[in-house]
Amino acid sequence: HSVTYYADPSYNSNVIKVFVQNGSIGTAYFDCLQFEEGQSAGRYNLLENSDFTIAGTIADTAYGWTESTTCDTNDVRGQFDIDNAGKLDSYVYSIQGDATSNKEVYQTITMNGYGGDVFTLAGWAKGDSAPTEEGTRDFALSVTFTYTDGTTETKYIRFNTDTDCNNYWQYAAGQVVA
């Protein structure tokens with residue numbers, strides 16, 4: 001699965017937020033996220049603690065990640081015995097979906113950049129997802145660019161919603177151009 005996003009090249013970006021989100025009904029698990037500058041995958045990940053192995057200072061959270069205000073006590077970082085894919089470890093972020101709210105866990109990256117810069121976003125997910133509504137309910141990875149003029153643009157890399165937690169993990173990746 002690949003997505004390319006083009007923004008106005010005159011925009012300069014200085015804040016990027018990377019999200020995992022579940023706005024559908026059911027539980028989704030996320031692990032091993034990758035966000036990097038460039039048109040192809042490399043070894044340098046701009047995300048800290050992308051596999052959620054390091055606990056945060058607040059119970060059931062992950063170091064370096066922030067929960068949206070719509071998250072509740074069911075949305076946790078932890079070890080789950082959920083038949084992890086390949087070399088994934090057992091630490092994941094579990095988000096219990098709610099069709100009436102958009103639950104997200106995100107990381108903010110402050111950096112200098114220009115319109116036309118290319119990034120690659122990728123990650124694994126496994127979930128019980130009801131059909132989503134693009135832009136309102138998503139089972140996805142997303143990137144929000146905040147430009148120096150204060151405007152923002154968001155791009156989604158969606159997971160297949162026609163699955164459940166009894167099925168295999170999904171890997172989604174795509175290019176995002178600022």
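Readers should treat all values here as calculations from the given coordinates under stated rules, not as data from a laboratory. Since the model is a prediction, treat every value here as computed from it, not as a measurement. Glycine also receives a Cβ, built like all others from the backbone with ideal geometry; neighbour counts cover every protein chain displayed.
In this structure the amide hydrogen of Gly113, modeled in the peptide plane, comes within under 5 Å of the amide hydrogens of Ser13, none closer than 5 places in sequence on its chain. Within the shell of other residues whose beta carbon sits under 10 angstrom from the beta carbon of Ala62, the net charge comes to -3, with Lys and Arg scored +1 and Asp and Glu -1.
If the chain between Thr110 and Thr144 were fully stretched, how many nm would it gain, using 0.36 nm times the residue separation less the Cα-Cα distance?
Values: separation 34, 0.36 × 34 = 12.24 nm, distance 1.19 nm.
Full extension of this stretch gives 11.1 nm more.
Between Ser90 and Thr53, the distance separating the two model label sites (each 7 Å from Cα on the Cα→Cβ line) works out to 1.5 nm.
Working from label points 7 Å from Cα in the Cα-to-Cβ sense, the Thr73 to Tyr44 distance is 4.3 nm. Computed 3J(HN,Hα) for the range 149-162, one whole-Hz value per residue from the Karplus formula 6.51 cos²θ - 1.76 cosθ + 1.60 where θ = phi - 60°, is 8, x, 6, 10, 9, 10, 10, 10, 10, 8, 8, 5, 8, 8, glycine and proline marked x.
Peptides 106-116, 58-68, ordered by how many other C-beta atoms sit within 10 Å of their residues on average, highest first, read 58-68, 106-116. Applied to the range 105-119, the Karplus parametrisation 6.51 cos²θ - 1.76 cosθ + 1.60 on θ = phi - 60° returns per-residue 3J(HN,Hα) values of 10, 9, 10, 9, 10, 9, 7, 8, x, 9, x, x, 4, 10, 10 Hz, with x for Gly and Pro.
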